[in-house]
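Read-outs throughout are calculated quantities, based only on the coordinates presented, and are distinct from any laboratory measurement. Note that the coordinates shown come from a computational prediction; the quantities given were computed from them, not determined experimentally. Neighbour counts are summed over all protein chains in view; Cβ atoms, including those assigned to glycine, are modelled from backbone coordinates with ideal geometry.
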Amino acid sequence: MINPQEITRHVYWNIPLLFKILVYVGGLGAIALAAWAVYQRLQIWKKGRDEERKDNLKERFIFAAKNIFLHTRILKDQYPGIMHLAIFWGFLVLFIGTILVAIEADVPFVHFYYGVFYLLVSLALDMAGLVLVIGVCMALYRRLKEKPDRLQPEKTEDNLILYLLLAVALTGFLTEAVRIAAQGFPRFELYSPVGFLLAIPLNIIGVNGTLAHRLFWLIHMVCSFAFIVYIGYSKLLHIAVTPANIVFRDRRSYGVVDPILDMEEAESFGLTKIEELSWKQLMDLDACMRCGRCQEACPAHNTDKPLSPKNLIQDLKEHMNERLVQSKDPEEYTPYQKISDDVLWACTTCAACMEECPAYIEHIDKIIEMRRYLSLMEGRIPEELNQTFRNMENNYNPWGVGFANRADWAEGLDIPILSEKGSAEYLLWVGCAGAYDDRYKKVLKALVEILRAANLDFAILGTEEKCCGDWARRLGNEYLFWMMATENVEILNGYGVKKIITACPHGYHTLKNEYPQFSGNYQVVHHTQLIAQLLEEGKISLKKTLEGTFTYHDSCYLGRHNHVYDEPRKILQRLGLSLKEMEKTREKGFCCGAGGGRMWLEEKIGTRINYARCDQALAVEPQGIATACPFCLTMFDDGLKAKDKIEEIQLKDIAELVAEAIK
């Protein structure tokens with residue numbers, strides 16, 4: 001039978017009272033210093049504008065808890081995910097164990113640390129310490145040996161943090177081992193297996209006395225306090241900030257941009273000084289751990305553009321510190337001194353960075369705010385955008401084709417116009433590509449065949465339809481977007497439109513997620529969602545089975561932005577096609593290069609993004625490529641032509657394939 005008093009002797013074993021007092025003073029001082037640093041950052045965030053992020057707090061906390069304790073997003077990248085999980089749980093269990101030891105040792109009349117509970121906790125703490133050491137060694141190997149590009153350039157603090165953690169764990173084991181050796185290897189200490197095994201060689205060489213124990217104990221305490229203090233003054237701040245950042249994440253679809261309030265009265269537009277960002281956007285900058293996952297996923301960075309989402313956030317953070325901590329003049333120190341125009345215009349707003357970020361940092365809204373400044377305040381836009389904006393202002397489409405020709409694509413199809421029909425269950429939102437792009441007109445005609453085969457009640461706006469404004473907003477011309485959105489909403493609400501079908505993911509995203517900002521609340525469905533539903537319900541029947549091997553390209557605005565992944569694939573399988581997935585697919589899909597207004601910009605730096613995506617598609621040797629977006633179709637068409645594959649590879653929108661199968 002184990003004596004309860006015997007198995008608790010290790011709590012502050014032979015540590016003088018003065019040492020204990022000094023440790024508590026040092027510990028409280030370290031905690032105070034770290035807390036003060038966190039408080040200072042909080043005061044900085046408060047200088048940002050107000051933003052409502054406190055809705056549905058229960059859901060927010062549950063979501064954050066799952067991400068923090070289960071590492072749901074971090075583990076998507078296996079090696080660093082397991083590495084961080086080991087460090088996190090090892091550290092957390094040791095932290096809890098330290099609190100239990102302190103309570104047992106120093107809280108009067110409290111005695112619980114004995115018997116089976118003691119043995120289990122001792123085992124758990126040793127295992128946690130071992131897991132922590134393994135995790136730190138994995139991190140050091142990765143940083144010192146593998147040196148992945150996404151972690152470059154390194155800072156001194158990166159490795160210092162790991163060495164501190166390793167010192168805390170190892171000195172803890174050494175302290176335990178010396179005590180076990182000095183106590184004569186009591187059998188119950190087998191439940192501290194790491195310390196017990198380490199005690200054997202220490203005992204052999206004579207490191208087993210009170211003096212050695214006190215020395216290791218003091219070193220352990222100093223390392224622990226140094227680590228605590230460093231939390232507030234290094235990227236370890238993410239221990240406090242990242243959980244909060246996840247709690248207050250944007251619960252909407254990726255890339256939803258907030259409007260400029262009082263558009264007609266505002267004196268400035270976009271990010272003119274850092275404090276014009278919201279408190280949450282400023283918090284984002286401190287939550288960044290420089291892990292580089294965003295950079296590794298970024299299609300612009302992967303095709304040699306100057307954009308690195310990681311560096312963008314770090315540059316904004318550096319500017320925030322200069323402006324709000326060092327109080328530098330906002331006229332002399334602007335974000336645009338650190339972040340070049342080429343960086344901002346390189347972004348396709350594909351949200352790959354946001355999908356990968358374990359801290360749920362929101363990159364897109366910051367880029368759009370800075371583009372707004374360049375576009376509306378400085379007029380510093382790429383030359384070709386001048387014509388694009390004029391086209392949209394004069395003819396309500398980026399091609400500049402006369403707005404009176406918007407319904408010409410439908411000639412001979414006998415499609416009802418809403419102004420003539422009066423009402424319909426569905427409004428078919430044609431979009432600029434469907435109305436003016438010769439290739440995508442074929443897709444809209446195929447979609448009309450499908451809708452008619454299903455006997456759906458639908459109509460179009462005809463010449464009353466204007467561009468949804470997506471391109472204008474992503475390119476920073478918020479005034480142009482505001483004009484188009486308000487006019488479209490007025491027309492839609494005037495007809496009492498409730499349900500909208502769109503064949504363009506950009507229109508789908510804008511109408512569904514951003515038109516509610518202008519009192520435009522509609523049930524918006526993408527054509528792949530609707531077709532999948534019609535097939536499931538038997539409202540359209542397939543007359544023949546298609547043959548061939550296809551790969552499917554996920555549109556960023558349909559996939560990552562709105563999580564529509566399964567419906568297009570289900571349709572292809574129902575058609576009888578064999579589906580081969582590209583290496584980068586679904587959540588990890590690679591942008592075609594057209595998003596964020598890049599459709600209208602020349603790609604002059606690095607490799608063309610659509611060429612890189614074409615290579616990824618061709619690598620699986622498909623007979624055809626299926627898309628569900630007019631601009632993805634255009635970019636693949638251009639890429640296949642450049643690679644002399646346009647005659648060899650079928651390039652089809654999903655609606656075209658379905659229309660072929662129902663004939």
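The packing ranking, built from the mean of other Cβ atoms within 10 Å per residue, places the peptides 241-253, 264-276, 475-487 in the order 475-487, 241-253, 264-276, highest first.
Going through the range 100-205, which GluC sites (Glu not before Pro) have at most 16 other Cβ atoms within 10 Å and a DSSP loop state?
E154
Over 21 Å apart at the Cα level, from the set K445/K588; K442/K641; K235/K588; K570/K652; K47/K310, are K445/K588; K235/K588; K47/K310. Using only alpha-carbon positions in the range 274-380, the gyration tensor eigenvalues give semi-axes of 21, 17, 12 Å once each is multiplied by 5 and square-rooted (largest first). Of the options (1) 1.07; (2) 0.96; (3) 0.99, only one is Rg/Rh (Cα atoms, Kirkwood Rh) as computed from these coordinates, and that is (1). The C-alpha atoms of the chain define a longest principal axis, and helix 17-45 lies at about 20 degrees to it. In the chain, the calculated helix contribution to ellipticity at 222 nm averages -16000 deg cm²/dmol per residue, counting -39,500 (n - 2.57) for every DSSP H run with n ≥ 4.
The angle between the Cα long axis of helix 156-182 and the longest principal axis of the Cα atoms of the chain comes to about 30 degrees, rounded to the nearest 10. When the Cα positions of F481, A424, L451 are compared along the charge dipole of the range 384-536, L451 comes out farthest toward the positive end, with charges on each C-beta of Lys, Arg, Asp and Glu.
Ranked by the mean number of other Cβ atoms within 10 Å per residue, highest first, peptides 629-636, 107-114, 353-360, 164-171 order as 629-636, 353-360, 164-171, 107-114.
Full-extension gain between N14 and S340, please, as 0.36 nm times their residue separation minus the C-alpha to C-alpha distance.
So the extension gain works out to 111.2 nm.
If I stretch the segment between K54 and L140 completely, what's the gain in nm (0.36 nm per residue apart, minus their alpha carbon distance), one decimal?
Result for the pair: 27.1 nm of gain on full extension.
In degrees, nearest 10, range 0 to 90: what is the angle between the Cα axis of helix 210-231 and the longest Cα principal axis of the chain? Roughly 20 degrees, rounded to the nearest 10.
Applying the Karplus relation 6.51 cos²θ - 1.76 cosθ + 1.60 with θ = phi - 60° to the range 121-136 yields 3J(HN,Hα) values of 5, 4, 5, 4, 5, 5, 5, 5, x, 5, 4, 4, 4, 4, x, 5 Hz, where x marks Gly and Pro. P(r) tail for the range 384-536: Cα pairs beyond 27 Å make up 16% of the total.
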